Amino acid sequence: MLDRSEYIEQAYLFKLLKQRTDDGVPMQEALEHAAQEMLATTNLPMAISFLLTELKHAGLMGTAMRRLSHYFHPFQSYLVEEAELDTGRFSMDTALQILEADAKFRVDQATPAGLFLFQLEVLSRNRLHYDRGLLAVSQDPIYDDDWSRWILKFRAEIGLVDLADLLFLVSKEYERRLLEAGLPTEGKGPFLFGDKEGRIAMANRRKDPLYLFGAMQRHLGYPAVPRIVPPDPNVELVPQLARRIERLESRLHLLEQEQKSSGIDITKFYEKGKSAWLPDDS
């Protein structure tokens with residue numbers, strides 16, 4: 001894990017990049033300006049310099065982040081790589097929002113349980129690849145060996161077993177119920193989630209996983225996952241109406257000319273520099 005100041009600067013960087021790219025500034029130019037604003041006592045300015053070099057030569061930033069695995073954790077690199085795919089629907093705008101929320105959560109002393117649920121919800125809501133995504137999650141430095149081994153096991157079982165059951169079976173609530181029933185706990189677990197998470201998972205069995213994520217987010221306090229905002233159809237409505245009104249005005253003007261004795265003057269529709277085509281009298 002990095003120092004707290006590093007995550008503070010990372011959160012500010014991703015927020016700044018989103019604001020600049022929303023204003024139409026190219027990513028390369030946005031990074032060059034952001035490098036001057038970052039705190040020089042952190043390692044982020046050096047990381048940005050490396051990202052800029054890779055962006056200028058290869059046009060991609062995800063590969064550079066992956067090579068800086070000692071600074072950017074693998075899930076960050078995975079999100080940027082997915083956003084840079086030409087065939088994907090995952091945008092860089094959404095990736096930057098997620099990266100900002102992820103860094104802010106680490107500043108606030110994120111717990112492994114809360115961070116895992118946040119990362120899993122990111123994969124689910126944005127329809128990213130569970131296989132590559134969970135592999136990147138398992139390599140996050142916040143997780144110890146027990147967490148990493150379980151995430152790789154979870155990676156193989158997701159989609160085959162109900163999500164709520166997978167979480168409940170590794171919770172303290174499940175361990176408590178086993179002990180109360182006098183059953184052995186050997187071969188079970190590891191019990192990574194707390195009692196609260198286990199009760200929430202039990203209450204959401206056989207339900208839509210989004211309800212489970214919503215309850216976990218409310219009670220555990222991890223950041224809400226940024227969602228893709230659909231385009232507002234009203235933004236283009238006014239220009240479209242203006243163009244239609246202009247066409248209607250032109251038609252009304254032609255009708256008014258036609259009703260006059262002089263008729264419609266079609267010479268104004270002639271192309272400049274060319275005479276009108278006249279049929280041969282013969």
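The values are calculated or read from the model by the stated rules, or taken from the named source; none is laboratory data. Because the structure is predicted, anything quoted here is derived from the model rather than measured. We place every Cβ from the backbone using ideal geometry, glycine too, and count neighbours over all the protein chains shown. For the accessible areas, the whole protein counts, side chains as well, though only heavy atoms, and no ligand, DNA or RNA atoms are used. Shrake-Rupley method; radii C 1.70, N 1.55, O 1.52, S 1.80 Å.
Kindly report the accessible area of the chain per residue (heavy atoms of protein chains, probe 1.4 Å, no ligands, DNA or RNA), in Å².
Values: 16990 Å² over 282 residues.
The answer is 60 Å² per residue.
Once you have a ≥ b ≥ c as the square roots of the Cα gyration tensor eigenvalues for the chain, tell me rounded if a/c is under 1.5, and otherwise prolate or oblate according to whether a/b is larger than b/c.
On the way: a/c = 3.43, a/b = 2.08, b/c = 1.65.
The shape class here is prolate.
Share of the chain's accessible area from carbon and sulfur, percent, 1.4 Å?
On the way: 8960 of 16990 Å².
Of all accessible area on the chain, carbon and sulfur atoms account for 53 percent.
By how many nm would the segment from GLN109 to ARG247 grow when fully extended, if each residue of separation counts as 0.36 nm and the alpha-carbon distance is taken off?
Working: separation 138, 0.36 × 138 = 49.68 nm, distance 6.04 nm.
The span from GLN109 to ARG247 would gain 43.6 nm if fully extended.
Normalised by the residues of the chain, what does the relative contact order come to in percent, with Cα pairs under 8 Å and at least six apart? Before the final figure, lay out each step's value.
Numbers: 261 pairs, mean separation 41.7, N = 282.
Result for the chain is 15 percent.
Please name which of VAL161, SER250, GLY114 has its Cα lying farthest along the dipole of the chain towards the positive end, using unit charges on Cβ (Lys, Arg +1; Asp, Glu -1) and the Cα centre as origin.
So the residue furthest toward the plus end is VAL161.
For ASP86 and LEU135 in one chain, what is 0.36 nm times their gap in residues minus the Cα-Cα distance, to one decimal in nm?
Working: separation 49, 0.36 × 49 = 17.64 nm, distance 2.21 nm.
Working it through step by step, the gained length comes to 15.4 nm.
Given 0.36 nm per residue, what is the gain on full extension from THR53 to LEU255 after removing their alpha carbon distance, in nm? Walk me through the numbers on the way to the answer.
Details: separation 202, 0.36 × 202 = 72.72 nm, distance 6.30 nm.
Extra length from THR53 to LEU255 when fully extended: 66.4 nm.
What trypsin sites (Lys or Arg not before Pro) in region 163-203 are in a loop by DSSP, with at most 14 other Cβ atoms within 10 Å of the Cβ? Mind showing how you got there, number by number?
Details: sites: LYS172, ARG176, ARG177, LYS188, LYS196, ARG199; in loops: LYS188.
Sites meeting the loop and neighbour criteria: LYS188.
Give the separation of the Cα centroids, region 122-168 to region 1-62, in Å.
Region 122-168 and region 1-62 have Cα centres separated by 28 Å.
Running a GNM on the chain with Cα contacts under 10 Å, which residue among GLU82, GLU180, GLU32 ends up with the highest mean-square fluctuation?
Checking each option, the largest mean-square fluctuation is seen for GLU180.
Which one, PHE213, LEU179, GLY189, is farthest towards the positive end of the dipole of region 169-215 when Lys and Arg carry +1 and Asp and Glu -1 on their Cβ?
Projecting each Cα onto the dipole axis, the largest value belongs to PHE213.
To the nearest 0.05, how large is the calculated FRET efficiency for ASP22 and MET1 if R₀ is 35 Å and r is the Cβ-Cβ distance? Mind showing how you got there, number by number?
Working: r = 30 Å, r/R0 = 0.87.
It comes to 0.70.
Using the Cβ atoms and a cut-off under 14 Å, what net charge is assigned to the surroundings of ALA242, where Lys and Arg are +1 and Asp and Glu are -1? Each step should come with its number before you reach the end.
Working: positive: ARG243, ARG244, ARG247; negative: GLU236, GLU246, GLU249.
Within the 14 Å Cβ shell, the charges total 0.
On a 1.4 Å probe surface of the protein chains, which of THR111, THR87, THR21 comes out largest in accessible area, and what is the full order?
THR87, THR111, THR21
As an exercise, use a Förster radius of 25 Å and the Cβ-Cβ distance of LYS196 and GLN36 to find the FRET efficiency, rounded to the nearest 0.05.
Numbers: r = 44 Å, r/R0 = 1.77.
With R0 = 25 Å, the Cβ-Cβ based efficiency is 0.05.
Relative to the longest principal axis of the chain, what angle (0 to 90°, nearest 10) does the C-alpha long axis of helix 209-220 take?
The answer is roughly 70 degrees.
Compare the Cα positions of GLY88, ALA11, GLY133 along the charge dipole of the chain (+1 at Cβ of Lys, Arg; -1 at Cβ of Asp, Glu; about the Cα centre) and return the one farthest towards the positive end.
GLY133
Evaluate the charge dipole of region 70-202 about its Cα centre and quote only its size in Debye, nearest 20, assuming +1 on the Cβ of each Lys and Arg and -1 on the Cβ of each Asp and Glu. Provide the component values of the computation, followed by the final result.
Values: 15 positive and 23 negative charges, 53 e Å.
Here region 70-202 has a charge dipole of around 260 debye.
If you take the beta carbon distance between LYS207 and LEU160 as r and set R0 to 30 Å, what does 1/(1 + (r/R0)^6) give as a FRET efficiency, to the nearest 0.05? Could you put the intermediate results ahead of the total?
Numbers: r = 18 Å, r/R0 = 0.58.
For LYS207 and LEU160, the calculated efficiency is 0.95.
Order the following by accessible area, largest value first: LYS104, LYS260. Probe radius 1.4 Å; ligands, DNA and RNA are ignored.
Details: LYS104 95, LYS260 125 Å².
In descending accessible area the options line up as LYS260, LYS104.
Angle between the Cα long axis of helix 74-83 and the longest principal axis of the chain, 0 to 90 degrees, nearest 10?
Roughly 20 degrees, rounded to the nearest 10.
What distance in nm separates the simple spin-label points at SER148 and VAL235, each placed 7 Å from Cα in the Cβ direction?
Between SER148 and VAL235, the label points sit 4.3 nm apart.
May I ask for the angle, rounded to the nearest 10°, between helix 92-107 and the longest principal axis of the chain, with both axes built from Cα atoms and the value confined to 0 to 90°?
30
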